[in-house]
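Beneath this line is the structure, given in structure tokens, with notes to follow.
The values are calculated or read from the model by the stated rules, or taken from the named source; none is laboratory data. Keep in mind the model is a prediction, meaning the values are calculated, not measured. Every residue, glycine among them, receives a Cβ derived from its backbone with ideal geometry; neighbour counts consider all protein chains shown.
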């Protein structure tokens, strides 16, 4: 009897083990299936039309897990630390260059993105990614000046006009070391990618002379100030300028003819991506002209998709402030990834300027 009981217990144990193993296998298979159906995107906040995500999910069967960041540096830190689950990320140009140097990006198989043919060739093959081996443009834009024609009697056309004594306590600046030092560097005939400490110090001193005119050094708050007429002038990105101008017809945007920054935000696939197939599907989906046009209308920035412009208002596409002509494009500079010590110099000098302003 004891032997029978022992045998029965042993059989029960074996069956129980098989059941547990089967449950574990089923759970693993379910998790794997779920993973292959989920696309994890890491993008800037409010930087895509949500209805396009829904459309993509319905068309492809993939589920999108969408996370956001508020700066290239925050995004970069996460990717450098490792252990992330992102399949698709949208960094800016100098960050693409840095990620590429760090070996954190997957080289693109362009044959899997046939809609790349819709992109404007002028915006491809940039110095930060020759041949677009690792990135394709998502949006692009410029750094320029927004001014209120009710508060500014003479139209603003040049960077040096920001220093005019008539605009005391009326100029809003971006809280960005790279952008604001770029403005000062351009007025002094220097590259926005200058690495010489002596040149950067001279640029910071030029900014110090602007301090009497500075009302505040801000981020997104600038839009509210300018929209409500609480400041006459602001240094802003083209997309933010479009949003402000839509809210206040007295606002205008200009890219100074002496030059400025042209920036690109791009699709990249991290080397650690789990669902590369879905990432390619999403990039190709977003480069479909009607989808790109819809996204441009929602976000307000310039689309790099030349075919998509057919579906946008001519009032928008003919606006040279947002879609500069070839002559203006020749004077625009792309930010390059700078050595850490140089980035620290930019940050230290800008902090010194902000303390001077306050």
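Scanning the range 340-354 turns up no residue that is within 29 Å of residue 216 (Cβ to Cβ) and modelled with pLDDT under 90.
Within the range 152-162, the set of residues being buried (at least 17 other Cβ atoms within 10 Å of the Cβ) and either in a loop (DSSP other than H, G, I, E, B) or more than 27 Å from the chain's Cα centre (by Cα) (or both) comprises 152, 156, 161. Residue selection: residue 238 fails the criterion of being under 25 Å from residue 94 (Cα atoms), surrounded by fewer than 16 Cβ atoms within 10 Å (Cβ to Cβ) and under 25 Å from the mean Cα position of the chain (by Cα). A count restricted to the range 171-184 and to residues that are part of a helix (DSSP H, G or I) and surrounded by fewer than 22 Cβ atoms within 10 Å (Cβ to Cβ) stands at 3.
Condition check ((1) outside any helix (DSSP H, G or I); (2) buried (at least 16 other Cβ atoms within 10 Å of the Cβ)) across all residues:
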residue: 75; (1), (2): no, yes
residue: 79; (1), (2): no, yes
residue: 94; (1), (2): no, yes
residue: 98; (1), (2): no, yes
residue: 103; (1), (2): yes, no
residue: 108; (1), (2): yes, yes
residue: 115; (1), (2): no, yes
residue: 125; (1), (2): yes, no
residue: 140; (1), (2): yes, yes
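Filtered by the rule that a residue be in a helix (DSSP H, G or I) and either in contact with a strand residue (DSSP E or B) (Cβ under 7 Å, 6 or more places away or on another chain) or surrounded by fewer than 20 Cβ atoms within 10 Å (Cβ to Cβ) (or both), the range 188-209 gives 197, 198, 199, 201, 202, 205, 206, 208, 209. Only one entry in 311, 253, 280, 301 is in contact with a helix residue (DSSP H, G or I) (Cβ under 8 Å, 6 or more places away or on another chain), surrounded by 15 or more Cβ atoms within 10 Å (Cβ to Cβ) and outside the structural domain of residue 72 (by TED's automatic domain parsing), namely 253. Of all the residues in the range 327-350, those that are within 25 Å of residue 245 (Cβ to Cβ), in contact (Cβ under 8 Å) with a residue 12 or more places away in the chain and surrounded by fewer than 13 Cβ atoms within 10 Å (Cβ to Cβ) number 0.
Given the condition over 26 Å from residue 308 (Cα atoms) and in contact (Cβ under 8 Å) with a residue 24 or more places away in the chain, answer yes or no: does some residue in the range 119-138 qualify? Within the range 119-138, not a single residue is over 26 Å from residue 308 (Cα atoms) and in contact (Cβ under 8 Å) with a residue 24 or more places away in the chain. A count restricted to the range 35-46 and to residues that are surrounded by 19 or more Cβ atoms within 10 Å (Cβ to Cβ) and at pLDDT 95 or above stands at 5. Report the residue count in the range 53-67 for those that are in a strand (DSSP E or B) and either exposed (fewer than 15 other Cβ atoms within 10 Å of the Cβ) or modelled with pLDDT under 95 (or both). Going through the range 53-67 one residue at a time, the tally reaches 3.
Residue count for the range 210-221 satisfying the condition of being free of Cβ contacts under 8 Å to residues at least 60 places away in the same chain, in a helix (DSSP H, G or I) and in contact with a helix residue (DSSP H, G or I) (Cβ under 9 Å, 6 or more places away or on another chain): 3.
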